[in-house]
Amino acid sequence: MENTVKAAELEKNLNSFNLKERETALHSLRLMLNSGEVVPVPEKKEINLHCHTFFSYNGYGYSPSYIAWWARKTGLFAAAIVDFDVLDGVDEFLKASWSLNLRSAAGIETRVFIPELSDKEINSPGEPGISYHCGIGFVCSAAPKKSAAFLQGLKTNASDRTRDIVSRVNSYLKTVIVDFDKDVLPLTPSGNATERHVCSAYYKKAGEVFPDAAKRSAFWSEKLQTPPDKTSKMINDPVQLQNLIRSKTMKMGGAGYVRPDPKSFPELSEMNRFIRECGAIPVVAWLNGESAGEKNPDALIDLHMKHGAEMVNIIPDRNWNFPDPEVRKKKIAELHKFIEASKKKDLPIIVGTEMNAPGQCLVDNFASEALKPYLEDFITGAEIIFAHTLLQHAGMGYLSDWASSNFANRRDKNAYYAEIGRACAPAALDKIAFCGPEMTKEKVMELVKGK
């Protein structure tokens, strides 16, 4: 019991905004793991390769260190973080994962403009030409010198957009006003505030302005144009009410919504150039196949590949987990169609749950009828991105010149990187120090596998 209480307290400290506290807590937990005081679940075929951390927004307040610890403790085969507009958590997550011997990777997500689809909605509802987009396989938080300004621009532009949202919503709400610097930024560890942080700030501020729940409910009922009986039921439920605040004030039709100007976002080709300059891999972010831009998966993938995409990202739970059998059937059909299109082009598949809203599952149900047929494909994607992360340290990542000269096609390259990712654990990073681009792929395989 004493060890359980101690571990729980240390896990709580893993989510502190203070990096030193997180590092100290992780060190203590690792000692408990090594001594047998904490017994992890044996490794299983479960992964989550799309976990947002509190450096953008995590629905449970999880830090990079906590996600690494949680994944190791629960027996995940691999885990990866993906944050909006920043690489702030990369160093911490990879360091924590390697210390815990957890297969890992790290990425970034943002919105881009795709000129070829300027008149079509893609995966950002109601915003033609605008697309959520990812890169994965970064090995450090710092961008190369030539790419540093681009990375800073992503964060600055995101911050400016969020500040503008607060200004517009403040004007609309009038009575409940938040100060971006005093009320919103303190909710983040590094100043990367998102709409969800803003919603949390408005929820808290309304409680201060209207201590009486009935008056607070009446205020939100009027401002969110929602029946009183509905707001009264959720007035003390931060998850539901904050989602409603976001939906009614910050999304299309809301006071804080501004239709995005394509010039406000980098073009797809520019974002992919940045990702590649950082030694990472451009990834197609797919929503559900229902928009005009996504209805033809082959065409969508071909377009992205023309601009340098080498992998695809799927959030499976939102593409099958529906109570209505007809809706579920339709969603699964689109999901499987996109997976098959990706496999046909030998693009590795990266899957995860996001965790960027309360209530999202921590791990997908890989035993479900929708996902079970493709579990091995998902595991292979995890093996490949982990192997890339290992080998990139020696200049032999998935998109390196070394890879281009050693593999005649994507299928052979996938098989090679998957074998390394399957056979190795992060401890193999020590062996990578002895590798170099002058080595043959056979020699590298022998070295990292300890033969």
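Odds and ends about this structure:
- Checking the stated criteria, Phe77 turns out to be aromatic (Phe, Trp, Tyr) and more than 29 Å from Asn157 (Cα to Cα).
- Enumeration of residues in segment 48-83 that are buried (at least 24 other Cβ atoms within 10 Å of the Cβ) and either among the basic types (Lys, Arg) or free of Cβ contacts under 8 Å to residues at least 24 places away in the same chain (or both): Arg72
- Gly289 vs. criteria at pLDDT below 95 and crowded, with 17+ Cβ neighbours inside 10 Å: no
- Screening Val90 on (1) within 27 Å of Arg161 (Cα to Cα); (2) surrounded by fewer than 16 Cβ atoms within 10 Å (Cβ to Cβ); (3) in the same structural domain as Ala387 (by TED's automatic domain parsing) shows it passes everything except condition (2).
- Per-region count, segment 417-439, residues at pLDDT 80 or above and among the basic types (Lys, Arg): 1
- Of all the listed residues (Asn356, Asn313), the sole one being over 30 Å from Phe434 (Cα atoms) and at pLDDT below 95 is Asn356.
- Residue satisfying all of: in segment 440-451; in a helix (DSSP H, G or I) and closer than 22 Å to Leu100 by Cα; modelled with the lowest pLDDT among these: Val448
- Elements of type helices (runs of 4 or more DSSP H) contained in segment 358-428, each with 2 or more residues being closer than 29 Å to Val327 by Cβ: 375-392
- Matching helices (runs of 4 or more DSSP H) fully within segment 216-281 where at least 3 residues are charged (D, E, K, R): 228-234, 268-277
- Filtering segment 20-47 to residues that are assigned to a helix (DSSP H, G or I), surrounded by 14 or more Cβ atoms within 10 Å (Cβ to Cβ) and not charged (D, E, K, R) leaves Thr24, Ala25, Leu26, Ser28, Leu29, Met32, Leu33.
- Residue ID - farthest from the chain's Cα centre (by Cα), chosen from residues in segment 425-451 that are within 22 Å of Lys45 (Cβ to Cβ) and in contact (Cβ under 8 Å) with a residue 60 or more places away in the chain: Ala427
- When segment 292-315 is filtered for residues that are of a type in the set (Lys, Arg) and more than 25 Å from Lys330 (Cα to Cα), only Lys306 remains.
- The set of residues from segment 55-98 being touching a helix residue (DSSP H, G or I) at 6+ places or on another chain (Cβ under 7 Å), farther than 17 Å from Pro189 by Cβ and in a loop (DSSP other than H, G, I, E, B) comprises just one member, Phe77.
- Odd one out for Thr380, checked against (1) of a type in the set (S, T, N, Q); (2) surrounded by fewer than 16 Cβ atoms within 10 Å (Cβ to Cβ); (3) under 20 Å from Ala71 (Cα atoms): (2)
- Sole exception among (1) in contact with a Ser or Thr (Cβ under 8 Å, 6 or more places away or on another chain); (2) closer than 28 Å to His393 by Cβ for Ala149, by number: (1)
- Verdict on Ser368 being of a type in the set (Gly, Ala, Ser) and within 29 Å of Lys449 (Cβ to Cβ): no
- Which listed residue is of a type in the set (S, T, N, Q), out of contact with any Gly (no Cβ under 8 Å at 6 or more places or on another chain) and either farther than 18 Å from Ser131 by Cβ or part of a helix (DSSP H, G or I) (or both), from Ser342, Ser291: Ser342
- Under the condition of being under 21 Å from the mean Cα position of the chain (by Cα) and buried (at least 17 other Cβ atoms within 10 Å of the Cβ), the residues counted in segment 186-227 number 12.
The values are calculated or read from the model by the stated rules, or taken from the named source; none is laboratory data. From a predicted model like this one, the values you see are computed outputs, not experimental measurements. Positions of Cβ are backbone-derived with ideal geometry, glycine not excepted, and every protein chain shown enters the neighbour counts.
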